[in-house]
Amino acid sequence: MKKTVLFDRHKKLNAKIIDFAGYMMPISYSSVNEEHLHVRNNVGIFDVSHMGEIEISGSNSSSFVQHLCSNDISKIKVGKAQYNCLTNELGGIIDDLIVYRIEIEKYLLVVNASNISKDWEWINKKNEEYKCSVTNLSDEISLLAIQGPKAQELCQKLTNESLSLMSNYSFTISSFAGFENIIISKTGYTGSGGFELYIPNDKTVNIWDALFNIKDYNLKPIGLAARDTLRIEMGYCLYGNDINEDVSPEEANLRWITKIDTNFIGSEIINKQIVSGCDKKLVGFKLKEKSIPRNGYEIYSKSNEYIGHVSSGTFSPVLSKGIGLAHIKSSNLKDDLIYIKIRKNLIEAEIVKTPFI
């Protein structure tokens, strides 16, 4: 198992450690509900250094990144970032990622930890025509996410950059906690606002400690379990649950990051889905009674027909009810109610738009 450079800090905080994507990662430090609500109402910090970073540069880098990615890369200015998908020839999602434009001809692709090797092989395979410089920086960079309504005030204590002037999905490379060349990015996966810091490994412990040394904000460490419940409340997809290589962006309701005119890999098949429709779609749902839906639970229609399965589910700490995402047959999208099989019971649920809060 790999460890992030903050592993000893997590152990000292009595974190519950699990194997996640080949890393020993903190799943929680206290209760998941407490950590979740602390991010929604205050500020929390996540060690997400297991995420991967792949740099692509060279004179053909813009064309190459556009060939790989579903969104319109030409819309990214230097200092901006964009949510994206890597797609295969059949339109399935190899990974979802964030693309940062570091320079005119330099991009940083931030990919899921479990997909680093797969993405690396795919990118290099497709690079034969473009001959760009491709570098895997995953083992050199740590990533901290400071999230919550008080994140901006806290982070501002450690940088001279005017964080209030930054727009969502923008970033700056600046000084933070006295260390130069830190990427300060206004991104995150919680829906509560905040920043992500890309840090050279040898500076990470110092920056972690500097953040906790500011006592006015009640900063708390947050584990991956609350990260999951936070993202489900926002209806954000998780790779391996809601999206995979057998699910297209159109099936996952990600048309907003699918720009067919750019002719990315698999765009022709995805365009046919947009024009003709899909057999299945990802939807959000709320349970009508108190229970907890889980990944893999079967879903039935009013007429007791099997129509799909839960891809992500949790008990929402904010709503105090079971919520989730599910893949169901497109023919059932207009149904008022669906039925989740929990143990031996069919629990009523209503299809709702996301985010849930």
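No value in this document is a laboratory result; all are computed from the given coordinates. All figures in this text were calculated on a predicted structure; none of them were measured in a lab. Note that we place each Cβ from the backbone using ideal geometry, even for glycine, and neighbour counts take in every protein chain shown.
Filter the trypsin sites (Lys or Arg not before Pro) in the stretch 84-170 down to the DSSP loop ones having no more than 13 other Cβ atoms within 10 Å, then list what survives. Intermediate results must be reported in sequence, preceding the final value.
Details: sites: R101, K106, K118, K125, K126, K131, K150, K157; in loops: K131, K150, K157.
Filter output for the stretch 84-170: K131, K157.
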Nearest 0.05, what FRET efficiency do K12 and K75 give at R0 = 35 Å with Cβ-Cβ as r? 0.20
Of [x] 134; [y] 317; [z] 150, the label for volume of the Cα convex hull per residue in Å³ derived from the coordinates: [x]
P(r) of the stretch 279-357 in 10 Å steps, Cα pairs, percent per bin? 21, 61, 17, 0
Just want the ordering: L68, L230, L90, L144, from fewest to most Cβ atoms lying within 10 Å of their own Cβ. L90, L144, L68, L230
Pick from K186, K288, K280: which is most flexible by mean-square fluctuation in a GNM of the chain where alpha carbon atoms under 10 Å apart are linked? K288
If the chain between K353 and I274 were fully stretched, how many nm would it gain, using 0.36 nm times the residue separation less the Cα-Cα distance? 26.5 nm
Going through K286/K329; K2/K220; K77/K281 one by one, the pairs whose alpha carbons sit over 27 Å apart turn out to be K77/K281
What the Cα atoms of the stretch 175-289 span along the principal axes, largest first and in whole Å, is 56, 44, 20
Once label points are set 7 Å from the Cα along Cα→Cβ at both D202 and Q156, what is their separation, rounded to one decimal in nm? 3.3
Rank by packing, highest mean first: peptides 308-321, 239-252, with packing defined as the count of other Cβ atoms within 10 Å averaged across residues. 239-252, 308-321
³J(HN,Hα), Karplus 6.51/-1.76/1.60, whole Hz, each residue of the stretch 181-197, x for Gly, Pro: 6, 9, 7, 9, 10, 8, 9, x, 10, 10, x, 10, x, x, 9, 10, 10
If unit charges are put on Cβ atoms (+1 for Lys and Arg, -1 for Asp and Glu) and the dipole of the stretch 1-43 is taken about its Cα centre, the option from V32, A15, M1 lying farthest towards the positive end turns out to be M1
Once label points are set 7 Å from the Cα along Cα→Cβ at both R343 and L90, what is their separation, rounded to one decimal in nm? 3.8
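Taking neighbour counts of Cβ atoms within 10 Å as a proxy for exposure, in what order, fewest first, do D336, D209 appear?
Details: D336 8, D209 12.
In order of increasing Cβ crowding within 10 Å: D336, D209.
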